[in-house]
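First the structure, in the form of structure tokens, and then the observations on it.
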Number of protein chains: 2
Amino acid sequence: MNPLHISADDIRNMEHRFRVNFINGLSGYKSANLVGTVDSQGATNLAIVSSVVHLGADPALMGLVTRPRSVARHTIENLAQTGVYTINHVVDAIVPQAHQTSARYPREESEFEHTGLTPAWVVGFAAPKVAESTLSVGLRLREIKHLDINDTDFVIGEVQWVELDGRALGEDGFIDLVTLGTACVSGLDCYHSAPPRVGRFHYAKPASKPTRR
Amino acid sequence: MNPLHISADDIRNMEHRFRVNFINGLSGYKSANLVGTVDSQGATNLAIVSSVVHLGADPALMGLVTRPRSVARHTIENLAQTGVYTINHVVDAIVPQAHQTSARYPREESEFEHTGLTPAWVVGFAAPKVAESTLSVGLRLREIKHLDINDTDFVIGEVQWVELDGRALGEDGFIDLVTLGTACVSGLDCYHSAPPRVGRFHYAKPASKPTRR
């Protein structure tokens, strides 16, 4: 341990790129997902997002934070128009292609074509899933909360369907991300593959010690 | 691969606990953090949270989703009163204690005492950090966005200070979570230790292929 104290002044004085790397690391590991949409003409779009969070199980809701409105935001414009989108796990095998979707392609070009990832369709659902992902979720837009504080948006969607490799689904509903090969992210640009399991724990109660299940 | 399609009807018909496990797994890996607060009398509180997300680097903002208002919410009541809180990485060595903070202790009892985790203080800052964590962030509350859709809140805070093991801080600001021993979460109750690095990638550009740095 080499204890380091970094003050608000230190953060303000950081060089731009240094600060971006540093602040992006503070929250710990992040989920790695690809968001699939189409525009009103049906042209596909795919974007990597590391801010997907669980919001609630009943109704089944997921949230994600967009980039600021000042930069290209094809994903949110598409999903606001069509009302639907997919969230697809980045798995180990597609990490380079998933990262490449963050390049600023022109609106009329599809990240599917540029990266070689394969769009696939669930009957009756207007947004494409990623065929290479071992878990995909179809969502219907419920709400976009604009965050004035830094011009980003918090997008809330309700789960419409899930497709996954059934070998990862446990008897109690637990989804084994290691079996799925799901990756995660640290900082801005570092990807990690299946982390070793420490273990699952029983529901915590005041009167008992933490116990593994 | 054993492809499984799960419909909205299937989800509605899931047994309660099964659905909670299942929906909690959809977003992929989640950050594992402990949120430290005090109430207006100075009594400490500590709660594990798996919904901390990066919001922006300038200003340096972090978000987190609370539990519904209908259940005990000492953390958000405390931070709304005092205006400050800490976010502390759950590291491998304290996973059982961190999980145990989710037990429903009475308001007047501190999770620090019950779990054996050690409160530590940054001079002039009213919320306790966790001495066992290798990275702690002090935040000032900026905004609480109530999510009517399921009675939770999205809490936005601005980074006031960071304390970390300096051995994890790279020359470009990258924070090496593997060096920090930071854990992550899958589903409701599964903890994972340092995931193997796939690698870091250069800033993606349309004209170039994804390249490792």
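FYI, it's all coordinate maths here, none of it is from the lab. Being a predicted model, the structure only gives us computed values, none of them experimental. Neighbour counts run over all protein chains shown; Cβ positions are idealised from the backbone, glycine included.
Taking 0.36 nm per residue of sequence separation and removing the Cα-Cα distance, the B:Arg197/B:His5 pair yields an extension gain of 66.0 nm. Ignoring aspartates and glutamates fewer than eight residues from A:Lys209 along the same chain, the ones with Cα atoms less than 14 angstrom from its Cα are B:Glu111, B:Glu113. Computed log10 I(q)/I(0) for segment A:96-206 at 0.10, 0.17, 0.19 Å⁻¹: -0.45, -1.25, -1.40, from the Debye equation with unit scatterers placed on every C-alpha and solvent omitted. Note on segment B:1-48: along the principal axes its Cα atoms extend 53, 24, 13 Å, ordered by decreasing extent. Converting phi to 3J(HN,Hα) with the Karplus coefficients 6.51, -1.76 and 1.60 and the offset θ = phi - 60°, segment A:201-207 yields 10, 5, 3, 6, 10, x, 7 Hz in sequence order, with x at every glycine or proline.
Taking B:Asp151, B:Asp189, B:Asp172 in turn, the Gaussian network model of chain B (Cα-Cα springs below 10 Å) assigns the largest fluctuation to B:Asp172.
Across peptide B:96-105, the mean count of Cβ atoms from other chains lying within 10 Å of each residue's own Cβ comes to 5.
Straight-distance candidates among the lysines for linking to A:Lys205, with alpha-carbon spacing under 30 Å and chain neighbours fewer than 8 residues away dropped: A:Lys30, B:Lys30, B:Lys129, B:Lys145.
Note on chain A: GNM, Cα springs under 10 Å; of A:Ser31, A:Ser40, A:Ser133, the largest mean-square fluctuation is that of A:Ser40.
Assign one of three labels to segment A:147-189, namely rounded, prolate or oblate, based on the Cα gyration tensor with a ≥ b ≥ c the square roots of its eigenvalues; rounded applies when a/c is under 1.5, prolate when it is not and a/b is larger than b/c, and oblate otherwise. Taking the square roots of the gyration eigenvalues as a ≥ b ≥ c, segment A:147-189 is oblate.
222 nm [θ] for chain A, helices only, -39500 (n - 2.57) per DSSP H run of 4+, per residue, to 500?
Details: 6 runs with 38 residues, N = 213.
Helices in chain A give a 222 nm mean residue ellipticity of -4000 deg cm²/dmol.
Working note: Cα atoms of segment B:164-213, range along each principal axis, descending, whole Å: 42, 29, 14. Between the residues A:Ile48, A:Met1, A:Ile94, the greatest Cα displacement towards the positive end of the dipole of chain A, with unit charges on the Cβ of Lys, Arg, Asp and Glu, is found for A:Met1. Placing a pseudo-label 7 Å from each Cα along the Cα-to-Cβ vector at A:Arg73 and A:Glu108 gives an inter-label distance of 2.4 nm. Of A:Leu55, A:Leu180, A:Leu26, the residue with the greatest mean-square motion in the GNM of chain A, using alpha carbon springs below 10 Å, is A:Leu26.
Mean per-residue shielding of peptide A:12-18 is 3, counting Cβ atoms of other chains within 10 Å of each Cβ. For segment A:151-156, backbone phi angles converted through the Karplus equation (6.51, -1.76, 1.60; θ = phi - 60°) give residue-by-residue couplings of 6, 9, 10, 9, 9, 10 Hz, Gly and Pro being listed as x.
Counting, for every residue in B:180-187, the Cβ atoms of other protein chains within 10 Å of its Cβ and taking the mean gives 6.
Please work out the Cα convex hull volume for the protein assembly as shown and give it in Å³ per residue.
Numbers: hull volume 55.1 nm³, N = 426.
Measuring per residue, one finds 129 Å³ for the Cα hull of the protein assembly as shown.
Roughly what % of Cα-Cα distances in segment B:27-192 sit above 26 Å, to the whole percent? Result: 21 percent of Cα pairs exceed 26 Å. For the pair B:Arg140 and B:Gln41, label points projected 7 Å from Cα toward Cβ lie 2.9 nm apart.
List every residue whose amide H lies under 5 Å from the amide H of A:Ala183, counting only residues 5 or more places away in sequence or on a different chain, with H placed 1.01 Å from N in the peptide plane. Placed amide hydrogens put A:Val90, A:Val91, A:Asp92 under 5 Å from A:Ala183. Per-residue packing, averaged as other Cβ atoms within 10 Å, sorts the ranges B:135-145, B:114-124 into the order B:135-145, B:114-124, beginning with the highest. Remark: spin-label model distance A:Asp151-A:Glu15 equals 2.5 nm, labels positioned 7 Å along the Cα→Cβ axis.
The C-alpha atoms of segment A:1-93 occupy a region whose extents along the principal axes are 52, 32, 30 Å, arranged from largest to smallest.
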